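Asker: Questions regarding the structure given below will be posed in turn.
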Amino acid sequence: MKTTAENINDKELLERCGSGDNSGYSLLYQRYSKAVFNSIYRIVNDREDAEDILQEVFLKAFSEIKSLKNVESFGGWIKRIAINQSLNFLRKNKIYFTEIEDDKILDIEDDELEAKLTMESRVKELQNIIAGFPLQTRTIVNLYLFEEMPQEEIAKILNIPHGTVRSYYHRAKKKIFEKLNPKHQNEIAFNQKLAHKNLQR
């Protein structure tokens, strides 16, 4: 009977790895590879590069698996390795983040935007919008929305001011909101146009 990762917790799989049982490694890969790949792909935005980085991530994780102190945190631990490897890939390809002033953009409530994520019919639409952003903006938005990383931590790992992270995110959030609500934006544009005509009378 073929062994699957179902009904086997991470602790047992890690114990198998520690005892030299290769099934532990293969089942951990089976359990986490898809989620890890998605995290990588959202950052590098290239399937072939993401596949290469995925293999590097698991090789690194498995070679350092004995350093993992909390066996219950394997999922978060390997996700962090994936994010770091992805960001290193961007740096090697000379992708840098430019410091920009903290915007005074009218804020859109986070819970209003994040509510979009709970609407299954629009998740793909949201991801497509983000995929069309410049790489720097896309990285910050993905780390914040999908990886649930605090803005302060994003600033630290990208080595940029917190205000710059806020500015990138707020600009992106405004564009996302506009694209997810074109009818609302059309109404605003119509009202502005009407008001302009009234002023000319």
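Asker: Expected output is a single nm value to one decimal: the length gained when fully extending between Ala131 and Lys174, i.e. 0.36 nm times separation in residues minus the C-alpha distance. What is it?
Answerer: Going from the current span to full extension adds 14.0 nm.
Asker: Using R₀ = 22 Å, calculate the FRET efficiency as 1/(1 + (r/R₀)^6) where r is the Cβ-Cβ separation of Lys66 and Ser26; round to 0.05.
Answerer: 0.75
Asker: Another question, if that's okay. Under 11 Å from the Cβ of Gly18, count the other residues' Cβ atoms, weight Lys and Arg +1, Asp and Glu -1, and hand me the total.
Answerer: Residues close to Gly18 contribute a combined charge of 0.
Asker: Quick check on my link table: of Lys92/Lys179; Lys60/Lys173; Lys60/Lys92; Lys60/Lys179; Lys11/Lys79; Lys60/Lys156, which ones sit more than 29 Å apart, alpha carbon to alpha carbon?
Answerer: Check vs 29 Å cut-off fails for Lys92/Lys179; Lys60/Lys173; Lys60/Lys179.
Asker: Given just the C-alpha atoms of the stretch 10-92, how large is their convex hull per residue in cubic angstrom?
Answerer: 82 Å³
Asker: Report the net charge of residues surrounding Ser67, where surrounding means a beta-carbon distance below 14 angstrom and charges are Lys +1, Arg +1, Asp -1, Glu -1.
Answerer: Within the 14 Å Cβ shell, the charges total +3.
Asker: Moving to a separate point now. Note the full-extension length gain between Asn159 and Gln55 as 0.36 nm times their separation in residues minus their Cα-Cα distance, in nm to one decimal.
Answerer: 34.8 nm
We did not get these values from a lab; they are worked out from the coordinates using the rules stated. Only a predicted model underlies this, so the values are computations on that prediction, with no experimental measurement involved. Don't worry about glycine lacking a Cβ; one is built from the backbone with ideal geometry, like all the others, and counts go over all protein chains shown.
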